[in-house]
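Just so you know, all these numbers are worked out from the coordinates, no wet-lab data involved. As the structure is a prediction and not an experimental result, all values here were calculated from the model. Cβ: placed from backbone, ideal geometry, glycine included. Neighbour counts: every protein chain shown.
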Amino acid sequence: MDLSKDDSAFWVLRTFGYAAVAYTTGVLGSSLINFTIYKKKVYFTDLFAQLPNRQALCKKLLECSKLQTTGHFAIVIVTVSNSKTLAEIFGNKVLKSIFHQFKDRYSDIAERMSSKMETYSLGTNQISFFFEKNEEETLESKEKFEGSIINASKKNFLHDGFFVHCDSHIGLYRFTDFSEINSGELPIGYAEEAVDTAVKQMKDLVVYNPSSLVQKSKYSKATDLLGDIDLAIRSRWMFLVYQPKIDIATGKIQSVEALIRWNHPVKGFVPPGMFIPQAEQSTLIENITDFVIKQAILQLKLWQRSGIDVDIAVNVSTYNLLQPNFVNKVLYLLQENKLDTKKLEIEITEGSLITDFQHVLNGLKRLHDASIKIALDDFGTGYSSLQYLQKLPIDFLKIDQSFVRNLETSKQSKEIVKAIVDLAHTINIKTIAEGIETMADYDYLNSVGCDMGQGFYMAKPLTSNAFVSWYSENNGVFKKVES
C-alpha cells in the first residue's frame, strides 16, 4: 500500500479492494479444484447409468496388476440384446433401471459365494462385473456360479410397475494371474469375445478359456492384422471378387456383389470374418469401405465400356452411414466417373440398425433420394426386421442363407422363405435369396416368386476377368443345369 496516503476513506477503499481480490481468488481456486475433481469423476463414470465406466474397470485391473494382487478373478459382461426395443417402448431410463437391478442380483450372488464384486457400465447395452475371491473354486462351485448368473439374468425386471423381459447374453473370463496383464483392456477383450460368441450362437453364457490356444491366437491375430490394413490397401494385397445375382424368373444376370478378399504375403489368405468385425470397431472400416466403393465403381465403368450391363452392390457398415461426408463421397465418385446412380446398390445388415437408427435412416434416405438402391442384408436374423421395415427406404430384402440352405430338408424353412417373399411383395420390396446351392433350391424360389438369387449353384465369387468370361459364355443369361 502507498503509505504516503493518510486519507481514511482511501484506506477503507483499498482494504475492501484487496479483500475482494482475495475472496475472488479463493473462489476461483476452489472452483478450479472442484472442476478438476468433477472432470476426473466424469472420466471414470457413465453419467447415464451412474456407474463406473470402462476406463474405471481398466484402472482397477491395472491397479491390481501393479499390486500383484493374488486370488481368483472373473470378469462377467452382460449384453442386453433387445436394448433398442426396450428403450423405444419404455424410454432410455429402463436400461438404467435394468443395470441397477443386475447389480443388486449379482451382489447377492457374490455375497452368497463370499466374493467381492464391483459393477461397471460398458455402454448403452452392456454391463460388466468384476468378481474377486480368495478361495480356489472347484468345478462344482464354478458351475453353481454360472447357473446363478444365468438364472439372475433370466428373471423379469420391474420398471415403473411393469415387468420387463431382458434378452441377455453373458460372457465370462476367469483368471488367477495378473502377471501377463500389461493393459486393462486384455481381460476385458477376452470377456467381450466370449459375450460376442454368446450373442452370435444365441447362448445364455459362453466361458472364455484362456488355455485355449485357438481362441487366444484368434483374438491376438485379429488385433495384429489391423496394423496391416492400410498397407494391404496400398499394396493391393486386398482386392475384390464379384458374385453374380440372377433374376430367377428370366435367368438374366442382373448385378454382382463386390466382396473383399485379402491375400497377405506372410499370413496367406485372411478371411473377411477375421478382420472386418475388428475394423468396424475403429476408423479403419472407413478406409476399407472407401477402397471397396472406389474399386467397384471403377470396375463397373470398365464393364460398361465392354458392353456388360450389370448393377454392382457394396456392403456398408454403421460407421460409414454415421459419417456426415459418406453420402457426398459416394455421389461424387459416381458423378466423377459419369455413372448412373441407379447402377449402384448399398447393402446394410439388420444389426447396423440397432446403432443410432435415426442417423442411419437419414443416411439411407439421402442415398435413396439419389436413386441408389438399398438392400437389407441377412434378413430374418437380426432384432429389428418387422419393427423398422416400413420405415426404411429399401428396395431389396436379402433372405439369409441359413433359411435357403435348408429348403430341401425343412418344411419350416420353405414356409419362412415364402412368408418373407409374400411380405416383401406386399410392401413393394423385391427379394434376393442368398446361398442357392442346388437346382431344387432355385426352382422352389422361382415357384414362390423370389425375384433374385445368388449362390454357388449359379456362380462362386469371381475375379473381374473370370466374371467377364463367365458373363460372355452365358451371353448375359444364366441357364439352369443339374447340380
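A few remarks follow.
- Förster radius 30 Å - calculated FRET efficiency between residue 150 and residue 412 (Cβ-Cβ, nearest 0.05): 0.60
- Using R0 = 22 Å, the C-beta based FRET efficiency linking residue 368 and residue 283 works out to 0.30.
- Model label sites at residue 158 and residue 87, defined 7 Å from Cα along the beta-carbon direction, differ in position by 2.6 nm.
- Peptides 158-171, 282-295, ordered by how many other C-beta atoms sit within 10 Å of their residues on average, highest first, read 282-295, 158-171.
- Modelled spin-label separation between residue 361 and residue 100, with each label point placed 7 Å from Cα along the Cα-to-Cβ direction: 3.0 nm.
- Under 5 Å from the amide H of residue 166 lie the amide H atoms of 157, each residue being 5 or more positions distant or on a separate chain, with H modelled from the backbone and absent for Pro and chain starts.
- Averaging the Cα positions of each part gives two centres, and for the range 301-326 and the range 43-97 these lie 38 Å apart.
- The label point for residue 176 and the one for residue 112, both projected 7 Å from the Cα toward the Cβ, are 2.5 nm apart.
- Measuring how big the range 51-211 is from its alpha-carbon positions, Rg and Dmax come out at 15.3, 47 Å.
- Filter on 430/479; 142/267; 116/155 - keep pairs with C-alpha separation over 27 Å: 142/267
- Scattering from the range 368-483 was approximated by placing one identical point on each alpha carbon and applying the Debye formula without solvent; log10 I(q)/I(0) at 0.19 1/Å stands at -1.05.
- log₁₀ of I(q)/I(0) at q = 0.09, 0.11 Å⁻¹ - the range 225-473, Debye sum with one point per alpha carbon: -0.39, -0.59
- Neighbour-count ranking [beta-carbon atoms within 10 angstrom, fewest first] of 473, 437: 473, 437
- Sequence-distant lysines (8 or more away, or on other chains) whose Cα lies within less than 24 Å of residue 329: 294, 301, 338, 342, 343, 365, 373
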